[in-house]
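See below for the structure under consideration.
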Amino acid sequence: MPQTRMIPVESSNVAEIGYAYVKRDLYVRYLNQQDLNQPGKLYVYHKVPRSVFDNLKRTDSVGEYLNDYVKDVYQYELLG
(Lines give C-alpha, C1' and ligand atoms only; values in the text may rest on other atoms or scores of the structure.)
Protein backbone atom coordinates (compact mmCIF):
# COMPACT_ATOMS: atom_id res chain seq x y z
CA MET A 1 0.00 0.00 0.00
CA PRO A 2 1.21 3.49 -0.71
CA GLN A 3 2.32 5.73 2.13
CA THR A 4 0.41 8.59 0.55
CA ARG A 5 -3.14 9.89 0.58
CA MET A 6 -5.25 8.56 -2.25
CA ILE A 7 -7.79 10.85 -3.91
CA PRO A 8 -10.97 9.40 -5.44
CA VAL A 9 -11.53 10.45 -9.06
CA GLU A 10 -14.47 10.41 -11.46
CA SER A 11 -13.47 7.95 -14.15
CA SER A 12 -14.75 4.85 -15.90
CA ASN A 13 -11.33 3.17 -15.47
CA VAL A 14 -9.65 4.71 -12.41
CA ALA A 15 -10.81 4.64 -8.79
CA GLU A 16 -8.20 6.85 -7.11
CA ILE A 17 -4.81 8.50 -7.50
CA GLY A 18 -2.05 9.59 -5.13
CA TYR A 19 1.41 11.12 -5.26
CA ALA A 20 4.54 10.75 -3.12
CA TYR A 21 6.22 14.14 -3.49
CA VAL A 22 9.69 13.17 -2.25
CA LYS A 23 10.04 10.04 -4.40
CA ARG A 24 7.93 11.48 -7.26
CA ASP A 25 5.85 8.31 -7.40
CA LEU A 26 2.37 8.45 -8.91
CA TYR A 27 -0.07 5.85 -7.56
CA VAL A 28 -3.06 4.80 -9.64
CA ARG A 29 -5.71 2.36 -8.45
CA TYR A 30 -7.76 1.19 -11.39
CA LEU A 31 -11.34 0.02 -11.13
CA ASN A 32 -12.07 -3.68 -11.03
CA GLN A 33 -13.94 -4.00 -14.32
CA GLN A 34 -15.53 -7.34 -13.33
CA ASP A 35 -16.87 -6.06 -9.98
CA LEU A 36 -17.04 -2.28 -9.53
CA ASN A 37 -17.67 -2.78 -5.80
CA GLN A 38 -14.17 -4.25 -5.40
CA PRO A 39 -10.89 -2.34 -5.68
CA GLY A 40 -8.83 -2.96 -8.77
CA LYS A 41 -5.09 -3.18 -9.29
CA LEU A 42 -2.73 -0.60 -7.84
CA TYR A 43 0.18 0.62 -9.95
CA VAL A 44 3.01 2.99 -9.09
CA TYR A 45 4.66 5.05 -11.82
CA HIS A 46 8.17 6.24 -10.91
CA LYS A 47 9.87 9.64 -11.30
CA VAL A 48 6.72 11.41 -12.44
CA PRO A 49 6.97 15.22 -12.25
CA ARG A 50 4.61 16.94 -9.85
CA SER A 51 3.16 18.93 -12.76
CA VAL A 52 1.90 15.67 -14.31
CA PHE A 53 0.09 14.78 -11.07
CA ASP A 54 -1.34 18.31 -10.76
CA ASN A 55 -2.63 18.14 -14.34
CA LEU A 56 -4.04 14.67 -13.74
CA LYS A 57 -6.08 16.00 -10.80
CA ARG A 58 -7.54 18.76 -12.99
CA THR A 59 -8.19 16.91 -16.24
CA ASP A 60 -11.67 16.17 -17.55
CA SER A 61 -10.64 12.63 -18.52
CA VAL A 62 -8.33 10.82 -16.10
CA GLY A 63 -8.05 7.72 -18.28
CA GLU A 64 -7.24 9.70 -21.41
CA TYR A 65 -4.62 11.77 -19.57
CA LEU A 66 -2.98 8.61 -18.19
CA ASN A 67 -2.90 7.09 -21.67
CA ASP A 68 -1.43 10.22 -23.26
CA TYR A 69 1.06 11.36 -20.61
CA VAL A 70 1.86 8.54 -18.16
CA LYS A 71 1.54 5.05 -19.59
CA ASP A 72 4.46 4.05 -21.80
CA VAL A 73 6.31 7.16 -20.58
CA TYR A 74 7.30 6.30 -16.99
CA GLN A 75 8.54 3.05 -15.49
CA TYR A 76 5.91 1.36 -13.39
CA GLU A 77 5.24 -1.64 -11.22
CA LEU A 78 2.16 -3.48 -10.09
CA LEU A 79 1.76 -3.31 -6.30
CA GLY A 80 -1.33 -5.43 -6.02
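State the Kirkwood hydrodynamic radius of the stretch 28-71 in Å, one decimal place, computed from all pairs of distinct Cα atoms. Mind showing how you got there, number by number?
Working: mean 1/r = 0.0869 Å⁻¹.
Here the Kirkwood hydrodynamic radius works out to 11.5 Å.
Please identify the chymotrypsin sites (Phe, Trp or Tyr not before Pro) of the chain that satisfy two criteria: DSSP loop assignment and at most 15 other Cβ atoms within 10 Å. Which are they?
Here the sparse-neighbourhood loop sites are TYR21.
In whole percent, and with a 1.4 Å probe on the protein chains, what portion of the accessible area of the chain is carbon and sulfur?
Values: 2410 of 5410 Å².
Using a 1.4 Å probe with all protein chains present, the chain comes out at 45 percent carbon and sulfur.
What number comes out for accessible area per residue over the chain if the probe is 1.4 Å? Units Å², please.
So the chain comes to 68 Å² accessible per residue, rounded to a whole number.
Which whole-number value in Å³ per residue fits the convex hull of the alpha carbons of the chain?
Values: hull volume 7.1 nm³, N = 80.
So the per-residue Cα hull volume is 89 Å³.
Quick one: which residues, 5 or more positions from LYS41 or on another chain, have an amide H under 5 Å from its amide H? H modelled 1.01 Å from N in the peptide plane, none for Pro or chain starts.
Sorted by chain and number, the residues that satisfy this are TYR30.
The values are calculated or read from the model by the stated rules, or taken from the named source; none is laboratory data. What you see is a predicted model, and the numbers here were worked out from it, not measured in a lab. Here Cβ is always computed from backbone atoms with ideal geometry, including for glycine, and neighbour counts include all displayed protein chains. Heads up: the accessible areas ignore ligands, DNA and RNA and are worked out on the full protein's heavy atoms, side chains in. Shrake-Rupley method; radii C 1.70, N 1.55, O 1.52, S 1.80 Å.
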